[in-house]
Amino acid sequence: MTAGRVGTSRETVTLPILSVRHRTTYRYRRPVAFGEHRIMFRPRDSYDQRLIAATLDITPEPASQRWLFDVFGNCVAVTTFDIRAEVLTFDCGITLDHTPEHAPVFPLAPHATHYPFGYGAEDMPDLARSIERQWPDPRHEVDAWARSFLPPQGRIPTQELLAAMTRSVRANFTYLARAEKGVQDPLTTLRTKLGSCRDFAVLMMEGVRALGMAARFVSGYLYNPRNDRARHVGGGSTHAWLQVYLPGAGWVEFDPTNGIVGNRDLIRVAVARDPAQAVPLHGSFFGLSSDDLGMRVDVNVVELPADGTTAHSLQGLPTPLAR
């Protein structure tokens, strides 16, 4: 297998073939029964990432497995089990080609090149829920943070505004891999300047929404090139960032954890209005809470060599979580 090539009148761009290995393991003190599990590991096919192959191995073997598209068009596997076990493992392998955007300049509609701008009447019914604030901000702290990126008067280039917000989080906040489920309050993230990738994504989503723009949550994987001097943070597990809807360009990626504008090194799996709608793996077991010994997530993303072989070295991120 070799990397694809895209020819243009000015240059030829080599597209990397990426291989993802994602393993989640749950352990229990004694054999337990399992409820339904919903799995969102399969990347979304798009013009900038093409799925070549995908496998999903589950141990113990499920009694049933079916696939569906959720309300956002994400691909979801739903499994049930009819046996008890002390260990439950989900092992996913993915191969895809990825078209990275380096220092992208987005083709915005003329009226949206500078902020503030408005959305067309035909788009508003579909964007309205993505513009609504999801978290309380009684003292308008997130509002003030978002507006700190605006000039005292006049307009600002839209891409410059969003890039500044993205890179400000990278420069002024400290990444913290949290084992707790869910997302922390954006006010906590803003006040402490500490958080995980999902916390930073939600803070920026709320900031963007405070400015009247539509934003949605993205879960997926992060590729860290071997020759990248500034190593990305948030690898070794699943990753999270956001998209903002910009007229003329559509949904555009922003990763505040790493200060990335555009899709460079980001592999989309699921998009949603709220992070709770894009949980990579969700399920239940029947037993005592003390039976749960926690879970471990291992994710490794590598670029395939020209001969197509894959050498994964899983360096896991242990995350003991109650389920």
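Quick note: the coordinates plus some simple rules give every number you see, no bench work behind them. Source: prediction; values computed, not measured. Don't worry about glycine lacking a Cβ; one is built from the backbone with ideal geometry, like all the others, and counts go over all protein chains shown.
Some notes on this structure:
- Our helix-only sum for the chain, with -39,500 (n - 2.57) per DSSP H run of n ≥ 4 divided by its residues, gives a mean residue ellipticity at 222 nm of -4500 deg cm²/dmol.
- Radius of gyration and maximum dimension Dmax of the chain, Cα, Å: 20.5, 65
- For the range 83-159, the list of trypsin sites (Lys or Arg not before Pro) that fall in a loop by DSSP and count at most 14 other C-beta atoms within 10 angstrom reads 133, 139, 155.
- Extension gain (nm, one decimal) between residue 54 and residue 291, 0.36 nm per residue minus Cα-Cα: 82.1 nm
- In Hz, Karplus ³J(HN,Hα) per residue of the range 212-219 (6.51, -1.76, 1.60; θ = phi - 60°; x = Gly, Pro): x, 9, 7, 9, 9, 7, 10, 10
- Charge dipole (debye, nearest 20) of the chain; +1 at Cβ of Lys and Arg, -1 at Cβ of Asp and Glu: 580 debye
- Restricting the range 149-233 to GluC sites (Glu not before Pro) that sit in a DSSP loop and have at most 14 other Cβ atoms within 10 Å of their own Cβ leaves 180.
- Separation between Cα centres of the range 44-104 and the range 230-273, rounded to whole Å: 19 Å
- Local charge for residue 296 was computed over the other residues whose Cβ lies under 10 Å away, with Lys and Arg +1 and Asp and Glu -1, and equals +1.
- The charge dipole of the range 110-278, taken about its Cα centre with unit charges on the Cβ atoms of Lys, Arg (+1), Asp and Glu (-1) only, comes to about 500 debye.
- Farthest towards the positive end of the charge dipole of the chain, among the residues 46, 124, 224, is the Cα of 224, using unit charges on the Cβ of Lys, Arg, Asp and Glu.
- Shape of the range 110-278, Cα gyration tensor, a/c cut at 1.5: rounded
- Most positive-pole-ward Cα, 197, 106, 301, against dipole of the chain from beta carbon charges: 197
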